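Student: First the structure, which I've put down as structure tokens, then a few questions once you've had a look.
The values are calculated or read from the model by the stated rules, or taken from the named source; none is laboratory data. Model, not experiment: these values are computed from the prediction. Cβ placement follows ideal geometry from the backbone for every residue including glycine, while neighbour counts extend to all protein chains displayed.
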Amino acid sequence: MSEQFVILFPTSAHVMRAEKLLKDAGLSCRLIPVPRQLSSDCGICLIVLQEEAETACALLKDRRVDFDTVAAIPAQ
């Protein structure tokens, strides 16, 4: 199994905007609760596929959507 990546955001508004942008761009993502081992000011995060993580982060940076952390987690 390959890894997946979670992207943590400072607020729920950021994560909701990010989800829309990534889905509109054709990237696979979904909202999940922030894993316990990670910390965030916001209780939800986005999970993306390993092969799309770099593209997702570049798109978010380009569209000026703030995010805090990108962390690898084992695929479930």
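Student: Of everything in the range 41-76, what is under 11 Å from L8 (Cα atoms), within 12 Å of the chain's Cα centre (by Cα) and among the small types (G, A, S)? Give them in sequence order.
Tutor: A71
Student: Looking at the structure I just gave you, is A58 modelled with pLDDT of 95 or more, in contact with a strand residue (DSSP E or B) (Cβ under 9 Å, 6 or more places away or on another chain) and among the aliphatic types (A, V, I, L, M)?
Tutor: The answer is no for A58.
Student: Can you name the residue in the range 1-39 that is among the small types (G, A, S) and surrounded by fewer than 18 Cβ atoms within 10 Å (Cβ to Cβ) and, of all such residues, is nearest to the chain's Cα centre (by Cα)?
Tutor: This residue is S28.
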